[in-house]
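**Q** Pasting a structure below so you can have a look.
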Amino acid sequence: MIEIELAQASDRPAIEALLEASGLPTDGFELALGTAVVAREEGRIVGCAAVEPYGSVGLLRSACVAPPFRGLGLGSRLVDRAEAVAAARGVAELFLLTETAAAWFARRGYEPGAREAAPAALLGSPEFTGACPVSAALFRMRLVRAAPVA
Ligand SMILES: CC(C)(COP(=O)(O)OP(=O)(O)OC[C@H]1O[C@@H](n2cnc3c(N)ncnc32)[C@H](O)[C@@H]1OP(=O)(O)O)[C@@H](O)C(=O)NCCC(=O)NCCS
């Protein structure tokens, strides 16, 4: 059985290893560790998603599922949970940069936008300043605040 739960600080090495294995950046991941969620199967991390919060806006990042577990709805569950955690902490709008999963995020309701239109706080984040190439597409979505989850 796969459980989705908030990440612990001690999970960081395993999360970063998962991101690296999938070719995703780890730069600045510590900024998102406090809101990160993980999928665990028998104690092993097989997926993650996180939000770097910048006041009322956030950068959704590090959505990743280990290859054997893809296509089972796990990525959707992880992003749902990361969105809920961010909303409960006061984030009203999420932005993300992706080179690999634009269609996946569009199916989730994210809308494409111009990278330059991102809030100033995000433009200074590690993903914007270096980890994600200029070719990465920007998506955004407003969050509806639900009951607190964490
Ligand atoms: C993107 C990712 C998190 C999706 O996780 P997942 O658990 O496979 O997703 P789900 O099971 O919730 O969704 C599966 C559906 O999305 C589609 N899908 C999966 N990855 C996709 C992608 N990169 N682009 C477009 N569609 C994708 C599948 O074909 C499937 O479609 P179907 O429902 O019509 O069969 C996972 O593929 C992954 O870790 N990819 C590598 C890392 C990455 O690119 N992350 C995004 C960083 S911004």
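**Q** Based on the mean of other beta carbon atoms within 10 Å per residue, what is the order of 114-120, 60-66, 23-29, most packed first?
**A** 60-66, 23-29, 114-120
**Q** From the phi of every residue in segment 6-13, what ³J(HN,Hα) in whole Hz does the Karplus formula 6.51 cos²θ - 1.76 cosθ + 1.60 yield, where θ is phi - 60° and glycine or proline is x?
**A** 5, 6, 9, 4, 6, 7, 3, x
**Q** Could you go through segment 22-38 in sequence order and give the Karplus-derived ³J(HN,Hα) for each residue, using 6.51 cos²θ - 1.76 cosθ + 1.60 with θ = phi - 60°, rounded to whole Hz, and x for Gly and Pro?
**A** 9, x, 9, x, 10, 3, x, 4, 4, 5, 10, 4, x, 10, 6, 10, 10
**Q** In Å, what Kirkwood hydrodynamic radius results for segment 1-94 from the alpha-carbon pair distances?
**A** Its Kirkwood hydrodynamic radius stands at 12.9 Å.
**Q** Could you estimate the translational diffusion coefficient of segment 40-105 from the Stokes-Einstein equation, with Rh from the Kirkwood formula over C-alpha pairs, at 20 °C and 1.002 mPa s, in whole µm²/s?
**A** This corresponds to a translational diffusion coefficient of 172 µm²/s.
**Q** Along the three principal axes, how long is segment 15-150 when you take its alpha carbons, biggest first, rounded to the nearest angstrom?
**A** The Cα atoms of segment 15-150 stretch 41, 35, 28 Å along their principal axes.
**Q** Arranged from highest to lowest average of other beta-carbon atoms within 10 Å per residue, in what order do the peptides 2-9, 85-92, 46-53 appear?
**A** 46-53, 85-92, 2-9
Laboratory data are not the source of any read-out in this text; all were calculated from the coordinates shown. These figures come from a predicted structure and were not determined experimentally. Cβ: placed from backbone, ideal geometry, glycine included. Neighbour counts: every protein chain shown.
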